[in-house]
Amino acid sequence: MSNLVILPIIIPLIAGIIAVFLNKKVVITRGLTKIFIIANLAIVSYMTWIVFNSGSIILETGSWVAPYGIILVADPLSIVLVLTTNIVAAACAFYAPYSLSLKKEQHYFYAFYFFLISGVSGAFLTGDLFNLFVFFEVLLMASYALIVLGGDKVQLRESIKYVLINLFSSILFVTVVAFLYGVVGTVNMAQIAERVQEVEQKGVLTAIGILLFFVFGTKAALFPLYYWMPKSYIVPNPVISALFGALLTKVGIYSILRVFTLIFIHEINLTHEMFIWIAGLSMVFGIIGALSTNNIKLIVAYNVIPAIGFIIMGIGIFNQDAISGSVYYLIHDMIIKSALFLIVGVIAYVAGTSDLRKMSGLMHHYPLLGWLLFVSAFVLAGIPPFSGFIGKLLLLKGALTDEKIAIVIIALLTSLLILYSIMKIFIRGFWGEKNTTMELGKRSMKGFIGPIVFLLTFSVVLGIGAEYIYPSIDTISAYLLDPEQYIDSVLKE
Amino acid sequence: MIFAVLIPLLFACFVPIISKIKHKVHTGFFVFVIPFMIFLYFIRFVGTGFSPIRDTYNWIPSLGINFDFYLDGLSLLFVLLISGIGTLVVLYSVYYLDTSERLGQFYVYLLMFMTAMLGVVLSDNVFVLYVFWELTSISSFLLIGYWHFNERSRYGALKSMLITIFGGLSMFAGFILLTVITGTTSIQGMIEQKDIILDSTYLPLALGFILLGAFTKSAQFPFHIWLPDAMEAPTPVSAYLHSATMVKAGLFLVARFSPVFSGYEWFFIVVSSFGIVTLCWGSYMAVRQTDLKAILAFSTISQLGMIMAMLGFGTKVAVFAAVFHILNHATFKGSLFMVAGIIDHETGTRDIRKLGGLISFMPITATLALLGTFSMAGVPLPFLNGFYSKELFFESTLNLNEGMNGVTNFLVQIVPYLAVFGSIFTFVYSVYFFFGVFTGKKNLDKLPKKPHEAPVGMLLSPIVLVLGVITIGLFPNLVNGSFLAHAAQSVNHAFEYKNIQFWHGFTTPLLMSLIVVGIGVILYLTRTKWDAVYRLLPGNWSFNKVYNVILQTIDTYSNKVTNAYMNGSVRTYMAIILGTTFIVTLVFLLVTDGVTINYDNLADITILEISVVLIITIAALGTIFSNNKLAAILILGVVGYGVAILFVIYRAPDLALTQLVIETVTVALFLLCFYHLPQLRKRTESIRTKSINASVAIGFGALMSLIAISAHSSNWFDTISDYFLETALSIGGGTNVVNVILVDMRGLDTLFEITVLGIAALAIYSLIKLKKNEEAD
């Protein structure tokens, strides 16, 4: 037992509260934000080191022993995701002052930012299903606040759909937790897993699992539950889009990954087989969405969906390679998606429009930005030697080992179209004659580039340096496929 | 060896710095050194006593991805082409590209390509091969789009990227399959285990995936369409990537995997038929072109088809002819591209209809073109290398092995005729290329520039290549034993060295050559009369159209499909989400036999409960059907109070209190902002929509009830709540268990629920405040 586990949740909470009170003193808040997030990143890095060297860190909050109290569990999967969250958040903290108007900063952006991180970290770290619901509420409430920050008409219009659909799924979530409690008499995930295993997931349990899947699937923006996502992701400021793209849907997919590798694993032929179908449909419809628009922000937002498809595909296939692939892809996608949102944010800023039809020849003024986008396109599509490649390799290997040919073909075609959707921005926006109608070259990119380069460095390292990272991911995958480890670490200590 | 592969890439990092002084020294002079050094490094391996070398560097050993370089005869042939032609192309580019161009970028891309291509041909590890393979596609994309202010360049770049990366991804899948089958990532390892591969049920799939990669890269019919558009690249690039090296990567791949697949009859059928069709189609299409580079592009397609066909045949003669022709094609086609570049550079046009009679202005260029085109046409002269390989090709078509498959036997019958058919057109366009440009009428007034001979530097590279054509033509055995034989041996392990001779009697292959020349001359002389025929087929129909239509369709349909369901209506979204959840969960509930209804342990139902429930139900329905918003709000309150009464009945006073407070506050809030709420409108939806919505709503509600009942009926375990009752006082120190749970046992939940409320308050405050501020401005 160690109190360390609470730190990644509580530090952002405290930082958020401080930010509330310092809202008018923007310069101080900016500085403190950077200090807090870097400190948090350092602590999480240290925790990651501990988890991989001496096993999961468990905290029984208030000393109420498992399975009765709320248990926080920093296991290899959750700590790696918290680490990635903090990496993305750090980049956003440095991007925000350049991207946001002073007013938005003063109106509690930094507070909401920290509350969001606190909620996300909590969702990753909790070992309690009801507590997971609570952290979902925290991060959703923070996201509602962020999405309307500024109060534009279009923001309010899109946020109402966002709020309504997410509210519904929250209601469903808490209802399903009640159902599950009715059957197994506990909300501790390890104990749920143990008890579901005991009765071999008989009776109504599979149906409850599927309902839970739909709850998380709505948050994760899976087909056909993602309607709220694309347009609501593009209305706030790019830095907020980046946080959303990297974190929100990923919490949903993490929950599916957790629940369907720990608890509902006794009817794999039914449940996980369906995931593969949903994966294929998410890829197809997501990429069709990305190709359907000339709004560069929307292109990136729609690209969230096929990426989620790739991750769920690995969960569906459910072998060592595929799960490794899912985890790798999850980390990769958190980083590259936020980088891409930040990049298109800069593009829209310097070009003065998000409409691709009105752009051309940006390369003449912003070559560096062009190359960053170019590299990102290949990272996203999983072209070697970048991070997406390793994840894709593992996923496809897992799929082919299990003779799932159709999903492999869909995945490959989707990759090609993902590349096409982003290269469209490069070819039409950056290539071509100098555009004289746009006031180009006037707006400076100062301050925007650093965070983007920081994130892309991780994408490159995750690809080229896979030798240093893959063994850890493989450990996570082996750990996930052996639920006893989780159950034992929580209940038998 | 890794150094030889990576040095261009490393050097590329310095090119942007060097290019700063491009106005003093052309950047190309610095770059020139790199391929030349690589060429010198590899040329020392040439010799009869050569045996393969292997060199391994770890990259991602835990995934089996390592730089396993394997230099055998086949790789040696390719690395010499890449570095040799690379040297000449860089030299040529110095004179072709003006210092006002963005030279830094150009050479960075070119060097990137060099590393990639060397990597492709040297990697024994399939995944590293794939990494380099995609890198060639990327650098090719950048080079085609070098002059990106041209619409055609952008179009060509995108097309080449989409098609070659499509193939690359497919090949990647093929590689993973082979890895899964054999458990190794090494190509040589796979060759050793070829029996396992040949027995695998995945064999057709793996072969298909890999061939798709090879065919797209090597511009085989019908994927050839990207190559003509790739001609938008600067001519040195066309000469280098799109005729001598990159497009041969597909051939390399097929050659590399021949030892694995050659025992499989469908390998022969697919590869040979694609090759032979490409040969015919390419040469036929080349005749119709008017742009010099387009002629060469289609000619390249056709020649690649020919080599592909020979690799498909897989016999000793065919394999030798294939590697021989890879070398020969690089020499004559490379020089011809450079010639086309010179003509373009010196006259300002590449349109063969405008050109003519240039021989008197450009005698040296004309000589080079003459030798190049005649070698390409396979004219039987003892100093043209093209003739030898063409002759060997004919020979190989004649002695193919009959197989067990009907398709095989049919192919064996028709291949010689198709070979002759395709070669006739090759002859025609080759002759046309030379005579159309250099002889005939001079129409100087149509030319944008006054033509004159190219500078010496520009002529140097094509001269070297044409000297190669002649040297190999005169002394074919010079290259034969020293490295071609090794190359052939790595493709077909049974290959044995044989001397090449110009004259081997009056044989059928020679007869075929003579037929080609005879009919070719007639067709050329009467070419104006055939125009109508050429126009007839393919007419308006082409694979280019298919590509354009596909992209168009993606554009329009993706828009239509997406707009069809993303219509912005929350009602539609909810209907789909609820409908899907309902159907899928219901199926799972029924399939897993999840419905359990158990009447034990239930409280009695009295008239009181029934009437409360009835009131709630009626009130809920009332909210839906009410058109008056005030009424709707109040009726909604009834539902809430009804639930509170149920709590009272089932003895949960704290819940009842909470529910009452919430309900009162909600109704009060609703009434407070009543004025601002929009008017309820009568929904003008069709009966169909209404009934769908109704059934989704009812179905979902029923499903939830069913699951709730089933869940309640299957309480197989003791709940943890007993523990709370026991310990609330002893550990928690409180007599009210609910309180202890809220503030102690699950205090973390409460802390964050409070946070949620805090965030909500702050969000609303910020929303109002920010709005106000903006209004004040």
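Values in this text are rule-based calculations from the coordinates and carry no lab data. Given the structure is predicted, the values throughout are model-derived calculations rather than measurements. Neighbour counts are summed over all protein chains in view; Cβ atoms, including those assigned to glycine, are modelled from backbone coordinates with ideal geometry.
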### Message
To test your reading of the geometry: what angle, between 0 and 90 degrees and rounded to tens, separates the Cα axis of helix A:249-262 from the longest principal axis of chain A?
### Response
20 degrees
### Query
To the nearest whole percent, what portion of all C-alpha pairs in the stretch B:237-389 is separated by more than 29 angstrom?
20 percent
### Task
Describe numerically, in nm with one decimal, the distance between label points set 7 Å from Cα along Cα→Cβ at residue B:21 and at residue B:414.
6.3 nm
### Message
I'd like the projected area of the stretch B:717-777, averaged over all directions, using the convex hull of its alpha carbons. Report it in nm² with one decimal.
### Response
6.0 nm²
#### Entry: the stretch A:1-262: C-alpha gyration tensor shape, a/c 1.5 cut-off, then a/b vs b/c
oblate
### Query
Which value, in debye to the nearest 20, gives the size of the charge dipole of the stretch B:1-261 about its Cα centre, when Lys and Arg are +1 and Asp and Glu are -1 at the Cβ?
600 debye
### For B:370-379, mean number of other protein chain Cβ atoms within 10 Å
0
### Scattering profile of the stretch A:314-356 at q = 0.32 Å⁻¹ [log10 I(q)/I(0), Debye over alpha-carbon scatterers]
-0.96
### Task
Would you calculate the volume per residue, in Å³, of the smallest convex hull containing every Cα atom of the stretch B:318-373?
82 Å³
### Query
When only alpha-carbon atoms count, how far does the stretch A:363-493 stretch along each of its three principal axes, as whole angstroms with the largest first?
67, 38, 24
### Query
What percent of all Cα-Cα pairs in the stretch B:156-265 falls in each 10 Å bin, counting up from 0?
15, 43, 26, 14, 2
### Task
Just subtract the alpha-carbon distance of residue B:595 and residue B:676 from 0.36 nm times their residue separation and send over the number in nm, one decimal.
24.6 nm
### Query
Cα gyration tensor of the stretch B:277-333, axes a ≥ b ≥ c as square roots of the eigenvalues: rounded (a/c below 1.5), prolate (a/b > b/c) or oblate?
oblate
### Test item: B:705-717 mean partner chain Cβ contacts at 10 Å
6
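Assuming R0 = 22 Å, what is the FRET efficiency of residue B:695 and residue A:160, from their Cβ-Cβ distance, to the nearest 0.05? Please list the in-between numbers first.
Details: r = 26 Å, r/R0 = 1.17.
With a Förster radius of 22 Å, E is 0.30.
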### Task
Would you tell me the mean number of C-beta atoms belonging to other protein chains that fall within 10 Å of each C-beta in A:182-188, as a whole number?
6
### Task
Sum up the lysine pairs in the stretch A:267-480 that clear both bars: alpha-carbon distance under 20 Å and a spacing of 8 or more or different chains.
11
### Task
Note the angle between two axes, namely the Cα long axis of helix B:406-438 and the longest principal axis of the Cα atoms of chain B, as a number of degrees from 0 to 90, rounded to the nearest 10.
70 degrees
### Message
For the ranges B:394-402, B:87-95, what's the packing order if you count other beta-carbon atoms within 10 Å of each residue, average per peptide, and put the highest first?
### Response
B:87-95, B:394-402
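Per DSSP H run of at least 4 residues, take -39500 (n - 2.57); add these up for chain A, divide by its residues and hand me the 222 nm value, nearest 500 deg cm²/dmol. Show your work: numbers first, answer last.
Values: 21 runs with 354 residues, N = 493.
Counting only the DSSP helices, I get -24000 deg cm²/dmol.
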### Query
Which peptide among A:98-106, B:596-604 comes first, and what is the full order, when sorted by highest mean count of other Cβ atoms within 10 Å?
A:98-106, B:596-604
#### Entry: Phi-based couplings in Hz for the stretch B:689-701 (Karplus 6.51, -1.76, 1.60; Gly and Pro marked x)
4, 4, 6, 4, 4, 4, 5, 4, 5, 5, x, 5, x
### Task
Evaluate the Kirkwood expression for the hydrodynamic radius of the stretch B:570-715, namely the inverse of the mean inverse distance over all pairs of different C-alpha atoms, and round to one decimal in Å.
18.0 Å
### Message
Is the C-alpha gyration tensor of the stretch B:1-123 telling us rounded, prolate or oblate? Criteria: a/c under 1.5 is rounded; beyond that, a/b larger than b/c is prolate, otherwise oblate.
### Response
oblate
### Summary
With bins of 20 Å, the percent of all Cα-Cα pairs of the protein assembly as shown per bin from 0 is 10, 36, 30, 17, 6, 1
### Query
Which three lengths, in whole Å and largest first, does chain B cover when its Cα atoms are put on their principal axes?
113, 66, 53
### Task
Please identify which residues in the stretch B:378-405 have an amide N closer than 16 Å to a label point set 7 Å out from the Cα of residue B:508, following the Cα→Cβ vector.
B:391-403
### Summary
Going fewest to most other Cβ atoms within 10 Å around each Cβ, A:144, B:417, A:110 line up as B:417, A:144, A:110
### Message
Net charge within 14 Å of residue A:299 by Cβ-Cβ distance, Lys/Arg positive one each and Asp/Glu negative one each, not counting residue A:299 itself?
### Response
+4
### Task
Using only the alpha-carbon atoms of the stretch B:23-95, report the extent along each of the three principal axes, biggest first, to the nearest angstrom.
48, 35, 14
### Query
the stretch B:264-531: D in µm²/s via Stokes-Einstein (Kirkwood Rh, Cα pairs, 37 °C, 0.692 mPa s)?
174 µm²/s
#### Entry: Student exercise, chain B dipole from Lys, Arg, Asp, Glu Cβ charges, in Debye to nearest 20
3380 debye
### Task
Assuming R0 = 25 Å, can you tell me the calculated FRET efficiency for the pair residue B:687 and residue B:563, based on Cβ-Cβ distance, to the nearest 0.05?
0.55
### Message
Could you order the peptides B:424-435, B:572-583 from most to least packed, using the average number of other C-beta atoms within 10 Å per residue?
### Response
B:424-435, B:572-583
#### Entry: Cβ-Cβ FRET estimate between residue B:668 and residue B:556, R0 fixed at 60 Å, reported to 0.05
0.70
### Task
Sum up the charges of everything whose Cβ sits under 15 Å from the Cβ of residue B:19, counting Lys and Arg as +1 and Asp and Glu as -1, but leave residue B:19 out.
+2
### Message
Take residue A:277 and residue B:99, extend 7 Å from each Cα along the Cα→Cβ direction, and tell me the distance between the two endpoints in nm.
### Response
6.8 nm
### Nearest 10 degrees, 0 to 90: helix A:26-54 Cα axis against chain A principal axis
40 degrees
### Query
Which net charge results for the neighbourhood of residue B:100, defined as the other residues with beta-carbon distances under 15 angstrom from its beta-carbon, given Lys and Arg at +1 and Asp and Glu at -1?
+2
### Task
For the stretch A:1-262, give the magnitude of the charge dipole about the Cα centre (Cβ charges: +1 Lys/Arg, -1 Asp/Glu; no others), in debye to the nearest 20.
960 debye
### Task
For chain A, list log₁₀ I(q)/I(0) at each q in 0.09 Å⁻¹, using the Debye formula over Cα point scatterers of equal strength and ignoring solvent, two decimals each.
-0.56
### Task
Give the order of A:428, B:688, B:571, B:350 when sorted by the count of other beta carbons within 10 angstrom, beginning with the fewest.
B:688, B:571, A:428, B:350
